[in-house]
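To start, the structure itself, in structure tokens.
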Amino acid sequence: MSKRYRVRINRRTAMGLALAATPVAATLAAGARGALAQDEVVVTMVTDTLGLGDQNFNDLAKRGLDQAVEDLGVRGEVIESRDQASYLPNLTQAADQSDLTVAVGFLLIDAIAEVSAQFPDEYFLLIDAVVEEDNVTSVVFKEQEGAFLAGVAAGLSTESNQIGILGGLEIPPVIRYEVGFEAGVLSVNPEAEVTASYVGNFDDVALGRELSLAMYNNGADIVFAIAGRAGIGPFEAAGELGEGYWVVAADTDQSQLGAEHQLAVATKGVDTALYTVAEQVVNDAFQGGVLDLGLAEGGVGVEDPNGHLSDETLAVVDQYRQAIIDGTIVVPADRDQLAAFEMVAPDALPAAGASPEAEATPVA
């Protein structure tokens, strides 16, 4: 069994426990479908406008669907959305043909709110946003927590003390990534300067490359890519400039775009969330409600798939991971919280695995 597979299974197990322990808004109506495990279960995933092949968010969700097909025997279908006007008809088609309809992304929130109300006896999963309907499981992530750890790694690894962030759209999940990352960088490296540039969409690889080149040419040696398909751009820019230019990936390992330039990955368990809810439907155990998944639940994290981080850096990352799980550090989730956040230096934290003897002291 590969290391990557073990990590995924462990994260799924942790998230499954979080699902089981989370209160739900209400039980489904009595007319809901029963005995699903005895019939073929159809799971249909509706993408956002990036569709499959974005090498990021939609492909990560598809990985969870493929695993559900392999492990659970469900029939997996995908409907790709050409534009935002397609969200409503695509979700309607999916609900009409499926046991579980999965809406991939924050931008589908309005459409799934309408369709889930029209199909009260069908099951829905919304990723990255919340619709408060009994037949919808809404999964949101504490992206800021995994991003904080990635920021710690970047802050300790930079040689120029200039770090860039390439964002797609300024929507809540992206903002959480941005501010968590900046808080992590500045906690370990107060002298660092963090600059953010936004593409204005998640699709323009050329503009993502151009903005990343501008940040690199202005002195940045690391860019955190939270831009969907446009996040391919920083890898192209780093590849063009050569050794010493790094990308921190978001959501999933993107080593295929340039392992030699991928410093770390701020991971997000979109695949695991889809798999877990599909498993609930197969077992006739669907639970509606809101799941907010962070480090403690195994929903987010940081990985070093290419071995570019030093042992010393990884040890500090582990210190901060434990401090966040313990509640010693509450990572900011928006820009106002970032402005008020008191940075905590590494030497104010207990060693990883140790019991804290005193409260951590903020950096002056």
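No lab work stands behind these numbers, since they all come straight from the coordinates. What you see is a predicted model; the values in this text were computed from it and never measured. Glycine gets a Cβ as well: all are built from the backbone with ideal geometry, and neighbour counts include every protein chain shown.
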Loop-resident GluC sites (Glu not before Pro) in the range 160-248 with no more than 16 other Cβ atoms inside 10 Å, DSSP not H/G/I/E/B, are E170, E191, E243
Residues meeting the amide H criterion for G105 (H placed from the backbone, H to H distance under 5 Å, 5 or more places apart or on another chain) are I127
What GluC sites (Glu not before Pro) does the range 245-340 have in DSSP loop regions with at most 16 other beta carbons within 10 Å? E260
Run the simple label-point estimate for A285 and N201 please: 7 Å along Cα→C-beta, distance reported in nm. 4.3
Estimate the FRET efficiency between A296 and D347 by the formula 1/(1 + (r/R0)^6), using the beta-carbon distance for r and 22 Å for R0, to the nearest 0.05. 0.35
Label E243 and A85 with points 7 Å out from Cα along Cα→Cβ: what is the distance between them in nm? 5.3
Given backbone amide H placed at 1.01 Å from N, residues whose amide H is under 5 Å from that of V199, ignoring those fewer than 5 places away on the same chain, are G167, G168
Using Cα pairs under 8 angstrom and six or more residues apart, how large is the relative contact order of the chain, in percent? 20
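Nearest 500 deg cm²/dmol is fine: what mean residue ellipticity at 222 nm does the chain get from its DSSP H runs of n ≥ 4 alone, each adding -39,500 (n - 2.57), divided by its residue count?
For the chain, the value works out to -13000 deg cm²/dmol.
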Expected output is a single nm value to one decimal: the length gained when fully extending between A315 and E70, i.e. 0.36 nm times separation in residues minus the C-alpha distance. What is it? 84.6 nm
Of the listed values [x] 20.4, 62; [y] 20.4, 73; [z] 19.9, 65, grab the one calculated as Rg and Dmax of the Cα atoms in Å from the structure here. [x]
Testing the spin-label approximation: label points 7 Å from Cα along Cα→Cβ at N306 and D96. State their distance in nm. 4.6
Quick one: compute a quarter of the convex hull surface over the Cα atoms of the range 46-119 and quote it in nm². 4.6
Taking 0.36 nm per intervening residue step and subtracting the Cα-Cα distance, what contour gain separates D334 from I171 on full extension? 57.6 nm
If R0 = 25 Å, then A117 and L52, at their Cβ-Cβ distance, give a FRET efficiency to the nearest 0.05 of 0.35
Checking understanding here: applying a Kyte-Doolittle mean of at least -1.0 and a length along the axis of at least 20 Å (C-alpha), which whole DSSP H helices in the chain pass? 3-21, 57-72, 143-157, 172-188, 311-326
State log₁₀ I(q)/I(0) for the range 39-183 at q = 0.12, 0.17, 0.20 Å⁻¹ as given by the Debye formula over alpha-carbon point scatterers of equal weight, solvent excluded. -0.55, -0.94, -1.18
In Hz, Karplus ³J(HN,Hα) per residue of the range 130-137 (6.51, -1.76, 1.60; θ = phi - 60°; x = Gly, Pro): 10, 10, 8, 10, 4, 9, 10, 9
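If R₀ is 51 angstrom, what is the calculated FRET efficiency for the pair E193 and D326, using the beta carbon separation as r and rounding to 0.05?
Computed FRET efficiency for E193 and D326: 0.95.
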On a full-extension model of 0.36 nm per residue, what is the gain between Q256 and D110, subtracting their alpha-carbon distance, rounded to one decimal in nm? 49.2 nm
Along each principal axis of its Cα atoms, how long is the range 138-258 end to end? Whole angstroms, biggest number first, please. 40, 33, 24
